[in-house]
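Trainee: Following this message is one structure expressed as structure tokens.
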Amino acid sequence: AISNGVLTYTDSTLTVQPAASTTVITCPTSVTYTGSAQTPCTAAVTGAGGLNTTTTVTYGNNTNAGTATASATYAGDANHTGSTATQVTFTIAQASSSTVINCPASVTYTGSAQTPCTAAVTGAGGLNTTTTVTYGNNTNAGTATADATYAGDANHTGSTATQVTFTIAKANQTLTYSGDY
């Protein structure tokens, strides 16, 4: 206090308030489904006095294809108040699938439609299923075709197998003769 030109010191307490912190989440726009939880984001924390650290990101809906969320909170420290980032979303895109047809090289003519092939479908996250095989020219002797398409599912895009051919071989004839020569 100043009184009549004399400076007098009075005891007082000086309180230093913590500085603010800022938390920001960075995520890619999209990642591809793998079957595992996706954790592609980072959370950076900055503040006065050179605060430059990271904090844990928590996720929601981050395993299956669709929209996932990322959140982060910094609790603060002795010199900085805590902060919460604005929630960020990112897309988990469908993974591709692969359809492969397996056929024997040849089957024997029987007079009925031949359906000897299988179609296996595989993909990320343990996709392992089958799909229907459609046939062409598969009754008479000659070259038959096999085709297969998988429509896809929530986590995988569809796929079409490369067409496979197989041979329907002529049946052997057995001649039986009875009687006199």
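The values are calculated or read from the model by the stated rules, or taken from the named source; none is laboratory data. The structure displayed is predicted, hence computed values, not measured ones. All Cβ positions, glycine included, derive from the backbone under ideal geometry; neighbour counts span all protein chains shown. These area figures cover heavy atoms from the full protein model, side chains too; ligands, DNA and RNA do not enter into them. Shrake-Rupley method; radii C 1.70, N 1.55, O 1.52, S 1.80 Å.
Trainee: What are the residue pairs meeting all of these: first residue in region 137-154, first residue without any contact (Cβ under 8 Å) to a residue 24 or more places away in the chain and assigned to a strand (DSSP E or B), second residue open to solvent by less than 50 Å² (accessible area, probe 1.4 Å) and hydrophobic (A, V, I, L, M, F, W, C), Cβ atoms under 8 Å, and 6 or more apart or on different chains?
Mentor: What qualifies is Thr145/Val164.
Trainee: I need the full set of residues from region 124-136 which are in contact (Cβ under 8 Å) with a residue 24 or more places away in the chain, open to solvent by 30 Å² or more (accessible area, probe 1.4 Å) and under 17 Å from Thr162 (Cα atoms), in order please.
Mentor: If the condition is that a residue be in contact (Cβ under 8 Å) with a residue 24 or more places away in the chain, open to solvent by 30 Å² or more (accessible area, probe 1.4 Å) and under 17 Å from Thr162 (Cα atoms), then Thr131 is the only one that fits.
A quick yes/no check of all residues on (1) free of Cβ contacts under 8 Å to residues at least 24 places away in the same chain; (2) at negative phi; (3) not in a strand (DSSP E or B):
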residue: Ser12; (1), (2), (3): yes, yes, yes
residue: Gln17; (1), (2), (3): yes, yes, yes
residue: Ala43; (1), (2), (3): no, yes, no
residue: Asn62; (1), (2), (3): no, yes, yes
residue: Ala72; (1), (2), (3): no, yes, no
residue: Thr86; (1), (2), (3): no, yes, yes
residue: Ile92; (1), (2), (3): no, yes, no
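Trainee: Name, by its number, the condition in (1) touching a residue at least 12 places away in the same chain (Cβ under 8 Å); (2) under 28 Å from the mean Cα position of the chain (by Cα); (3) more than 30 Å from Thr42 (Cα to Cα); (4) outside any loop (DSSP other than H, G, I, E, B) that does not hold for Thr162.
Mentor: It fails just one condition, (4).
Trainee: Hey, another quick one. Could you look through region 1-39, keep only residues that are of a type outside the set (Val, Ile, Thr) and open to solvent by 90 Å² or more (accessible area, probe 1.4 Å), and pick out the one that is modelled with the highest pLDDT?
Mentor: Gln17
Trainee: Looking only at region 59-79, which residues are open to solvent by 80 Å² or more (accessible area, probe 1.4 Å) and within 20 Å of the chain's Cα centre (by Cα)?
Mentor: Those that are open to solvent by 80 Å² or more (accessible area, probe 1.4 Å) and within 20 Å of the chain's Cα centre (by Cα): Asn61, Asn64, Thr67.
Trainee: Looking only at region 89-123, count how many residues are aromatic (Phe, Trp, Tyr) and over 30 Å from Thr69 (Cα atoms). Before the answer, list the steps.
Mentor: Applying the first criterion (aromatic (Phe, Trp, Tyr)) to region 89-123 yields 90, 109.
Next, only the ones that are over 30 Å from Thr69 (Cα atoms) stay: 109.
Adding up the residues that qualify gives 1.
Trainee: Among what's in region 45-58 and is part of a strand (DSSP E or B) and open to solvent by 50 Å² or more (accessible area, probe 1.4 Å), pick the residue that is nearest to Ala20 (Cα to Cα). I'd like the intermediate steps shown before the answer.
Mentor: Here is the first cut: in region 45-58, the residues part of a strand (DSSP E or B) are 45-47, 51-54, 57-58.
From what is left, the residues that are open to solvent by 50 Å² or more (accessible area, probe 1.4 Å) are 46, 52-54, 58.
Numbers: Thr46: 9, Asn52: 12, Thr53: 14, Thr54: 15, Thr58: 22 Å.
Here the answer is Thr46.
Trainee: What is the number of the single condition among (1) exposed (fewer than 12 other Cβ atoms within 10 Å of the Cβ); (2) in contact with an Asp or Glu (Cβ under 7 Å, 6 or more places away or on another chain) that Ala151 does not meet?
Mentor: Every condition holds for Ala151 apart from (2).
Trainee: Since Thr110 meets every condition but one in (1) open to solvent by 60 Å² or more (accessible area, probe 1.4 Å); (2) under 30 Å from Gly47 (Cβ atoms), which condition does it not meet?
Mentor: Failed condition: (2).
Trainee: I'm checking my understanding of the structure. Among residues of region 81-105 that are touching a Phe, Trp or Tyr at 6+ places or on another chain (Cβ under 8 Å) and of a type outside the set (A, V, I, L, M, F, W, C), which one is most open to solvent (accessible area, probe 1.4 Å)?
Mentor: Thr84
Trainee: Consider region 73-112. How many of its residues are of a type in the set (A, V, I, L, M, F, W, C) and farther than 23 Å from Asn52 by Cα?
Mentor: 9
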